[in-house]
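For reference, the structure is listed below as structure tokens.
The values are calculated or read from the model by the stated rules, or taken from the named source; none is laboratory data. Values in this document were obtained by computation on a predicted structure and should not be read as measured data. We place every Cβ from the backbone using ideal geometry, glycine too, and count neighbours over all the protein chains shown.
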Amino acid sequence: MAHHSVIYGRINGATWKTEDYYKLHRLNEDVISKLPEMDEHYPWINRSMFAFPNEQGVFRDQVITFGASYKSLEYEWAEWLEKFEGILQKLFWFDVTIHAEFEVMGTFRYEWLIDYNTISEDNWHKLSPEPITKWRFTSDGPRDFRGQL
């Protein structure tokens, strides 16, 4: 029997220095635009699941929203998180929040917070900044449900 899962949240995209305030926003949009239109491997994460505001929807931070519904995602939740974190490693952001609603397992909140040492003057403010690769992960839910199913 299949169960319904709904995943939604936001990525709080970072800003660059004042000469080109939206540089990191454009880099984030480029990463998302290169996601596949259709993901060939379940659990799917594709370009259509993400949305960006234009300049009228941005004061300092770029809020990238995302969401999707799945069939029985709790069985592949660890794989979904791994794919999602693979995308996070290519983006510039301050924090990320996911709300995960699993019909059988319940509702959980997942959060990623950057290591602020990675955004020093030597990194994000240089001409070719490096994306986030270190963060602190917190959640009131498991990363893998397989032991509970």
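Residues in segment 74-121 that are assigned to a loop (DSSP other than H, G, I, E, B) and of a type outside the set (S, T, N, Q) were compared, and the one that is surrounded by the fewest Cβ atoms within 10 Å (Cβ to Cβ) is E121. Here D20 does not qualify as under 23 Å from N117 (Cα atoms), among the acidic types (D, E) and touching a Phe, Trp or Tyr at 6+ places or on another chain (Cβ under 8 Å).
Checked against (1) under 28 Å from Y116 (Cα atoms); (2) at pLDDT 95 or above; (3) part of a loop (DSSP other than H, G, I, E, B), P53 meets all criteria but (2).
Within segment 135-149, restricting attention to residues that are loosely packed, with under 14 Cβ neighbours inside 10 Å and touching a strand residue (DSSP E or B) at 6+ places or on another chain (Cβ under 9 Å), which residue is farthest from Q89 (Cα to Cα)? Here the residue is D140. None of I7, I32, I64, I11 is over 29 Å from L127 (Cα atoms) and either of a type in the set (G, A, S) or surrounded by 17 or more Cβ atoms within 10 Å (Cβ to Cβ) (or both) except I7. Residue pairs whose Cβ atoms lie under 6 Å apart, separated by 6 or more positions or on different chains, with the first residue in segment 119-133 and modelled with pLDDT of 80 or more and the second among the aliphatic types (A, V, I, L, M) and part of a loop (DSSP other than H, G, I, E, B), are P131/L91. Restricting segment 19-50 to residues that are of a type in the set (A, V, I, L, M, F, W, C) and assigned to a helix (DSSP H, G or I) leaves a set whose member that is farthest from L73 (Cα to Cα) is L24.
Being over 22 Å from R143 (Cα atoms) and more than 10 Å from the chain's Cα centre (by Cα) is the filter here; which residues of segment 55-91 pass it? Scanning segment 55-91 gives E55, Q56, G57, V58, F59, R60, D61, Q62, V63.
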